[in-house]
Structures are given as C-alpha cells and as structure tokens.
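The values are calculated or read from the model by the stated rules, or taken from the named source; none is laboratory data. Predicted model only: the values in this text are computed from it and were never measured. Glycine also receives a Cβ, built like all others from the backbone with ideal geometry; neighbour counts cover every protein chain displayed. Accessible surface areas use protein heavy atoms only, side chains included; no ligands, DNA or RNA. Shrake-Rupley method; radii C 1.70, N 1.55, O 1.52, S 1.80 Å.
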Amino acid sequence: MNIEHLIKKSDELILWLDKSIDGVEIQSEERSRLAAGCLDVALEHHKAVILLIKNQLYGSAFAIVRSLFEAYVRGIWLHRCADDSDIERFKNDNFKYGFDRLIADVEKLPDFNIGTLSSIKKQAWGTMNSYTHSGFLQVVRRNTESSIQPNYTEDEIIEVINNSNVYALLSATAIASLSGSKNLADAVLEKLCFL
C-alpha cells in the first residue's frame, strides 16, 4: 500500500472514529474524566500525525508518535490502575511514576497481561525518543547528499501511519471500556482486525 492510499484510509478512519465516539457517555467522576482526557489527546495526536504526513512534515509527525502512545497508556492507567492518591498527584501535576511503572501496572490487568505494551516499549522506545527529542534518528533523516531537508523512506512513513492508526483504535477501545459501550468496543475491534 502506498502512502497516498494509506493517508486516504487513515482519513476515513479518523472520520469513522469521530462519528463512532461522538455522543458516547462517560461517567462524570474525576477518574473517568481524566482518563478520557488522555484518550482524547491520543486521538488528537493521531489526527495530527496524519495531517502532518499529508503535508509532508514528517519530522513533526514522527515526533508525535511517542506522545500518542503515552497518552493511550496513561489513559488506561488512570482509569484502571491509579488509586485515589495517584489521581490527586496527577491533578496537581505531581505525577511520580515513570512510564515503565505505568506499563507494568496496566499489564497486570487481565486484558493486557500478554505483554504487548512492554514489547512495544522495548522495541520502539529508543526510536520514539530519538524522533521526539531530535536525536540521531531524527537528525540523520534531515540530510541528503546535497542538502538539509526531510529524507524519510516510504517504509518509515508507512510504519508511522500504521502505528498511529493502531494506537488510535486502541484508544477508542479504551473509550468504549470507559463508557461501557459493548457496541463501540465490538465495532472498534472489528476495525482493528481489518487494519
């Protein structure tokens, strides 16, 4: 699948997610609202990645993928793992746990105990950090033989689009869990299977 076709499919996914999630009711208690806020940020980051790639702003798109992944994991953690004191620390922007801890806590949950999140982190965290923090992987892709300009391969761009689409669908699954909507969860899982 080429980039142009994948962007078209991603735009369709964004519209479908917006339509499917619009109007879904989330409990108004603090924990649910904070978790939903994280997941909504993840969905916005997904839209930004696709928009940036569509406009050939690849470096910025690549940099956002880590934030998308983190927002997804943090949303799940706040919803299903955080205790009341964690929620208070989060509200005061005094969060004390590293990302490894969040993943470890989430992977203790029955729905996540196969290690997928820690596997993603192990395989991709260094790369995500390099892109996010203007490390070597980001900087080297700004060089061609004759100039300084974006120089990302089609395979790299496709990988970023695919990963972003998966993280967006996972975020929508978490929103379905927050809302208790089995219909939304089933529809999102069906989309994930055919991605």
Grab the helices (runs of 4 or more DSSP H) fully contained in the range 1-113, keeping just those with 1 or more residues being at pLDDT 95 or above and in contact with a His (Cβ under 6 Å, 6 or more places away or on another chain). 30-54, 58-80
Within the range 123-148, residues closer than 13 Å to Arg66 by Cα and either basic (Lys, Arg) or under 18 Å from the mean Cα position of the chain (by Cα) (or both) come out as Gln123, Ala124, Trp125, Gly126, Thr127, Met128, Asn129, Ser130, Tyr131, Thr132, His133
Among residues belonging to the range 156-182 that are under 20 Å from Ile14 (Cβ atoms) and without any contact (Cβ under 8 Å) to a residue 24 or more places away in the chain, point out the one that is most open to solvent (accessible area, probe 1.4 Å). Glu159
Looking only at the range 126-155, which residues are without any contact (Cβ under 8 Å) to a residue 60 or more places away in the chain, open to solvent by 40 Å² or more (accessible area, probe 1.4 Å) and part of a helix (DSSP H, G or I)? Gly126, Thr127, Phe136, Leu137, Val139, Val140, Asp155
Residue check for Val188: at pLDDT below 95, of a type outside the set (Lys, Arg), in contact with a Leu (Cβ under 8 Å, 6 or more places away or on another chain) and in a helix (DSSP H, G or I): yes
Could you tell me how many of the residues in the range 47-101 are more than 22 Å from Ala176 (Cβ to Cβ) and basic (Lys, Arg)? 6
How many residues are open to solvent by less than 60 Å² (accessible area, probe 1.4 Å) and touching a helix residue (DSSP H, G or I) at 6+ places or on another chain (Cβ under 9 Å) when one looks only at the range 75-114? 21
